[in-house]
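The values are calculated or read from the model by the stated rules, or taken from the named source; none is laboratory data. Note that the coordinates shown come from a computational prediction; the quantities given were computed from them, not determined experimentally. Please note: Cβ atoms are built from the backbone with ideal geometry, for glycine as well, and neighbour counts cover all protein chains shown.
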Amino acid sequence: MNEPGIQSLMDQETLDRRVRAGDTPAWVADHWRSFRDGLLGERNETPFPCFFGAESVHQGEPLYTAVPSMSDADALLTLRDRILEYLDCYRDHADRASLVTFFEPPERSLSEAEYHDTLWHILQTLHLHDPEPWPEDIPTDPDDPHWEFCLGGEPMFPTCRAPFYERRKSRYCPIGLEITFQPRSLFESLGVTGDTDAGQHARDVIQDRLEGYDGVCPHADLGDWGVEGDREWPQYMLSEDDGQAPSTCPITITRSHPKPAAQLP
């Protein structure tokens, strides 16, 4: 951790120090400031909805990496390596140590549909090059309420911020794509999964804050893992325009291991 270069796994102190010293590209510095100010600031006199995330940034708990492309094979394989490194160390780092990934912005503005395509291309690539088999207790069908994305044998919840959000400012990033990876075991260790009283209380608080912060009702796709009728995958990148969002999950999951040889676009 904290090796030289933006593609290393960095703790928050190291990232902030490198940004202040001018040792990162401008887009990394812009991402960091946008992420920090978004989670620690207020909108409509309402703090950022996810109080766990806001508190973790205030305490300097997340880990970070930057990805210099949303499609380049080497960049995405390096991202895979950073996620696996994170999975090896996050439990010892902090109780709320999520992994925040900043992607270099594209040369042109992308539509919402293109950002959805980009997210699922990234997750599909990570799956195809996963060194571990898909967990036996996680379904391979994204339409199952117990499905969620896995890497390195760990179920996790990736959430995105992106430039196309106009109404849902809690998901807005003016710079480019951001994905925050949160292992399910992180929620379990905090006792805030959807099947606990603490988890349901946390959800109620977050949804109340969401309405105040965004100025619109919480998204209809928000739900809990394992609850019939709720699905994980649409929550990774919530739709702004339903017509530009996928109607079915655009990822193919296989338990076979190692994965078949795949050519990356």
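Residues of the range 86-103 that are farther than 18 Å from R171 by Cα, buried (at least 18 other Cβ atoms within 10 Å of the Cβ) and not aliphatic (A, V, I, L, M): Y86, Y90, R96. For the range 174-193, the count of residues that are hydroxyl-bearing (S, T, Y), modelled with pLDDT under 95, farther than 20 Å from F35 by Cβ and part of a loop (DSSP other than H, G, I, E, B) is nonzero. Of all the numbered requirements in (1) among the β-branched types (V, I, T); (2) in contact with a helix residue (DSSP H, G or I) (Cβ under 6 Å, 6 or more places away or on another chain); (3) within 22 Å of L110 (Cβ to Cβ); (4) in a helix (DSSP H, G or I), V19 misses one, and that requirement is (3).
Quick check on Y172: is it under 20 Å from D30 (Cβ atoms) and out of contact with any Leu (no Cβ under 7 Å at 6 or more places or on another chain)? Spell out the reasoning first.
On the way: under 20 Å from D30 (Cβ atoms): yes; out of contact with any Leu (no Cβ under 7 Å at 6 or more places or on another chain): yes.
The answer is yes for Y172.
For the range 71-84, check the following and say yes or no: at least one residue is more than 27 Å from L210 (Cβ to Cβ), small (G, A, S) and in a strand (DSSP E or B). No, the range 71-84 has no match at all. Yes or no: L110 aliphatic (A, V, I, L, M) and outside any loop (DSSP other than H, G, I, E, B)? Answer is no for this residue. The number of residues in the range 41-90 being without any contact (Cβ under 8 Å) to a residue 40 or more places away in the chain and either of a type in the set (A, V, I, L, M, F, W, C) or over 27 Å from R167 (Cα atoms) (or both) comes to 6. When restricted to residues that are out of contact with any strand residue (DSSP E or B) (no Cβ under 6 Å at 6 or more places or on another chain), part of a helix (DSSP H, G or I) and surrounded by 13 or more Cβ atoms within 10 Å (Cβ to Cβ), the range 1-15 contains 2.
Checking the structure you have, find out if any residue of the range 16-29 is surrounded by 18 or more Cβ atoms within 10 Å (Cβ to Cβ) and aromatic (F, W, Y). Talk me through it step by step, then tell me what you get.
Taking the range 16-29 as the starting set, the residues that turn out to be surrounded by 18 or more Cβ atoms within 10 Å (Cβ to Cβ) are 18-19, 24, 28-29.
Still in the running and aromatic (F, W, Y): none.
Taking every residue of the range 16-29 in turn, none turns out to be surrounded by 18 or more Cβ atoms within 10 Å (Cβ to Cβ) and aromatic (F, W, Y).
Kindly indicate which of F149, F164 is in contact with a helix residue (DSSP H, G or I) (Cβ under 8 Å, 6 or more places away or on another chain), closer than 25 Å to R209 by Cα and among the aromatic types (F, W, Y).
Working: F149 fails: closer than 25 Å to R209 by Cα.
Sole residue among the options that is in contact with a helix residue (DSSP H, G or I) (Cβ under 8 Å, 6 or more places away or on another chain), closer than 25 Å to R209 by Cα and among the aromatic types (F, W, Y): F164.
When the range 104-139 is filtered for residues that are loosely packed, with under 14 Cβ neighbours inside 10 Å and hydroxyl-bearing (S, T, Y), the ones remaining, listed by number, are S109, S111. As for the range 236-259, it holds no residue that is over 25 Å from H127 (Cα atoms), in contact with a strand residue (DSSP E or B) (Cβ under 7 Å, 6 or more places away or on another chain) and modelled with pLDDT of 90 or more.
No other residue among H93, H129, H116, H121 is in contact with a Pro (Cβ under 7 Å, 6 or more places away or on another chain) and more than 19 Å from V227 (Cα to Cα) apart from H116. Just one of the listed residues (F35, F52) is assigned to a helix (DSSP H, G or I), at pLDDT below 95, of a type in the set (A, V, I, L, M, F, W, C) and at negative phi, namely F52.
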